[in-house]
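The values are calculated or read from the model by the stated rules, or taken from the named source; none is laboratory data. What you are looking at is a predicted structure, and each value in this text was computed from that prediction instead of being measured. Please note: Cβ atoms are built from the backbone with ideal geometry, for glycine as well, and neighbour counts cover all protein chains shown.
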Amino acid sequence: MKSHQRYTPLPAITLLDRTWPDRALAQAPRWLSTDLRDGNQALASPMCKDRKLAMFELLTDIGYREIEVGFPVASQDDLDFLRLLIEGDRIPDDVRISVLVQARDELIQRTVAALVGARRATIHLYNATAPMFRELVFGVDRQQCKDMAVRGTRLMMKYAEEALGDCDFGFEYSPEIFNETESEFVLEICEAVMDVWQPERGREIILNFPATVERSLPTTFADQIEWVHRNLSRREHICLSVHPHNDRGTAVAAAELAVLAGAQRVEGCLFGNGERSGNVCLVTLGMNLLSQGIDPGIDFSDLDRIRRTVEHCNRLPVHPRHPYGGELVFTAFSGSHQDAIKKGFEARDNAARAAGVPVGDTRWHMPYLPVDPKDVGRTYEAVIRVNSQSGKGGVAYVMSAWHALHLPRDLQIEFAQLVQAHTDATGSVISPAQLWQLFNQEYVMDSDQADGAIDDAAPRAQNEGVTACLHVEGRTRDLDEDQVGCARTIGAALASAGIDVRRVHRQTWTQPPSAEPAAVAAGGGFSAHQGVAVYAECTIGERTSWGVGLDRGDLVAAAVAAVRTASRRAARPGIHDPADLRRPALSAPIAVR
């Protein structure tokens, strides 16, 4: 774009001996939620009292202990809500509320008055310090800007001492647009503010450094934070805080690198609500820590509830692909992804059984899933959803996880073609219940039989004979029967049904119960662990066809049903050609992964 010539990058701080790249995150920072202040002011329809209460109660319930509840001199709604919290005794004893105010005399006085009766509170004082704002917006020089911050601090202390004697009172100062302010001036103004406040043991000061408009690489922000971290005096009495915005889409990275660079506290909003592109997302930051084995200190075990509450309060939807909390972030549609996840679950279950421990006690190590969906209140039902992009792995996973049927590989391939034809025709996802219905109609309950019609399967089988390879799954009293005796019994039963079986091969496995119990979907299902499933791969002449027999305990009955169904399917014109399984016919070939 030719317009690129109109833009200039912010000058980067020169920090050649930076140390943050060699550090690793080891613990969670302190968190401050500004959903009720910075987040609320960014809403087209700011929260009403009831929505604010719902947000406040959510925040305290899941573990946030520093909450910026408003800008009480900016609107009557913010003032009324603050008084509602205080006078209604709605603030838990271990929660510190915070309020924002500009460094102006009358505003500070009214803000302090609004906090009367609060047990624990912080006044967050700020003024703009960046050159553009000093010169263009406010028309002040450096000295005037510093004097404003110092005078505001003195006034805040004076009014607080007069009105908030019984309050555990704290102080936070922000040089606004920190990331665009000269670093040496940031240091100068913060030192001047601290000279007034006099931080000491038991009397910390929070110095908060906002990337008010994100305009540089997160590495540049980290360098800025490390520089002030190194050069501030009285560092042991300072809580160094950051407030990243997301204009460049890198707020999460900026916050994480800032913590490596010395920040101890992060301000943000749930799901990143805020002005323009938003504030840094506290959910993403916390869950990133969890995925690395670090306790975020916040309870995300019911992330769907958190998302629903935030959507209700903000009247904004959370994107389905939002990290961790989006509706689709734990869902795989791609066939290759589904196959990898299916194998990951199988390996996890096998490892748990081998170790003799509950599957929930094993280390999480899963393709494509950085965290266990169950740790955030999700079920595994949505992990794999089958549509036209899916392959045999996804189909096999759903049949296994939700219907306890572990299909032989060739049957997986064939059924996946049928499923893909269905999803191509409908253009939608097929649910576990619908998948079972499709499988049942095609392989278990022959459609001709369901209609009461008499097919010609038996005559064809008698004329050409059947070679049946029986794949047996499940627990049944007949599984210990010897191979030859079982084959003869099945052959005799089929002969009495009018089907000539030339040869029977029997492959048997006893599938251990899954570590995650199958959740049989509404509309039907079958647990092979309570009975027996026989998958019959039958060859009649040059035609091969699959059928499935299910029974609660009788292997012979299941085998006869499977062979009869396979024989009926083989009698259909073209059924031996897997390409003809397509319903309806497609102009393009079906891709099988």
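Each row is one residue, and each column tells you yes or no for (1) crowded, with 18+ Cβ neighbours inside 10 Å; (2) more than 28 Å from residue 285 (Cβ to Cβ); (3) touching a residue at least 24 places away in the same chain (Cβ under 8 Å); (4) touching a Cys at 6+ places or on another chain (Cβ under 8 Å).
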residue	(1), (2), (3), (4)
305	no, no, yes, no
308	no, no, no, no
325	yes, no, yes, no
329	yes, no, no, no
332	yes, no, yes, no
340	no, no, yes, no
355	no, yes, no, no
358	no, yes, yes, no
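Residue count for the range 225-241, restricted to those that are among the small types (Gly, Ala, Ser) and outside any strand (DSSP E or B): 1. The number of residues in the range 330-344 being of a type in the set (A, V, I, L, M, F, W, C) and at pLDDT below 85 comes to 3.
Would you please name the residue that is surrounded by the most Cβ atoms within 10 Å (Cβ to Cβ), looking only at residues in the range 44-80 that are of a type in the set (Gly, Ala, Ser) and out of contact with any Ser or Thr (no Cβ under 8 Å at 6 or more places or on another chain)?
By that ranking, first place goes to 70.
Restricting attention to the range 352-370, which residues are more than 19 Å from residue 340 (Cβ to Cβ) and among the hydroxyl-bearing types (Ser, Thr, Tyr)? Within the range 352-370, none qualify. Take the conditions among the acidic types (Asp, Glu) and more than 30 Å from residue 296 (Cβ to Cβ) and apply them to residue 80. Does it pass? Yes, satisfied. Only residues that are aliphatic (A, V, I, L, M), over 30 Å from residue 316 (Cα atoms) and assigned to a helix (DSSP H, G or I) were counted in the range 1-52, giving 0.
Can you tell me which of 107, 125 is in the same structural domain as residue 34 (by TED's automatic domain parsing), under 19 Å from residue 150 (Cβ atoms) and touching a Phe, Trp or Tyr at 6+ places or on another chain (Cβ under 6 Å)?
Values: 107 fails: touching a Phe, Trp or Tyr at 6+ places or on another chain (Cβ under 6 Å).
Step by step, each of 107, 125 is checked, and only 125 is in the same structural domain as residue 34 (by TED's automatic domain parsing), under 19 Å from residue 150 (Cβ atoms) and touching a Phe, Trp or Tyr at 6+ places or on another chain (Cβ under 6 Å).
So that you can scan it fast, the table gives a plain yes or no per residue for (1) farther than 17 Å from residue 382 by Cα; (2) assigned to a helix (DSSP H, G or I); (3) modelled with pLDDT of 85 or more:
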position	(1), (2), (3)
393	no, yes, no
396	no, yes, no
400	no, yes, no
416	yes, yes, yes
424	yes, yes, no
428	no, no, no
435	no, yes, yes
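So which of 95, 69, 112, 101 ends up being of a type in the set (A, V, I, L, M) and farther than 29 Å from residue 252 by Cα? Can you show your working first?
On the way: 95 fails: farther than 29 Å from residue 252 by Cα; 69 fails: farther than 29 Å from residue 252 by Cα; 101 fails: farther than 29 Å from residue 252 by Cα.
Only one candidate passes the filter, namely 112.
Counting only residues that are over 25 Å from residue 401 (Cα atoms), give me the helices (runs of 4 or more DSSP H) lying completely in the range 273-377 with at least 2 of them. Spell out the reasoning first.
Values: elements: 282-291, 303-314, 335-355.
It comes to 282-291, 303-314.
The residues of the range 468-495 that are modelled with pLDDT under 75 and within 48 Å of the chain's Cα centre (by Cα), listed by number, are 474, 475, 476, 477, 478, 479, 480.
Does any residue of the range 302-320 turn out to be more than 30 Å from residue 56 (Cβ to Cβ) and of a type in the set (Asp, Glu)? No, the conditions are met nowhere in the range 302-320. Just one residue in the set 161, 184 is without any contact (Cβ under 8 Å) to a residue 40 or more places away in the chain, in a helix (DSSP H, G or I) and under 15 Å from residue 120 (Cα atoms); that residue is 161. Scan the range 2-61 for residues that are touching a helix residue (DSSP H, G or I) at 6+ places or on another chain (Cβ under 7 Å) and basic (Lys, Arg) and the total you get is 5.
Could you say whether any residue in the range 6-17 is within 30 Å of residue 293 (Cα to Cα), of a type in the set (Gly, Ala, Ser) and either surrounded by 13 or more Cβ atoms within 10 Å (Cβ to Cβ) or at pLDDT below 95 (or both)?
Step one: of the range 6-17, the residues within 30 Å of residue 293 (Cα to Cα) are 17.
From the residues that got through so far, the ones that are of a type in the set (Gly, Ala, Ser) too are none.
No, the range 6-17 contains no residue that is within 30 Å of residue 293 (Cα to Cα), of a type in the set (Gly, Ala, Ser) and either surrounded by 13 or more Cβ atoms within 10 Å (Cβ to Cβ) or at pLDDT below 95 (or both).
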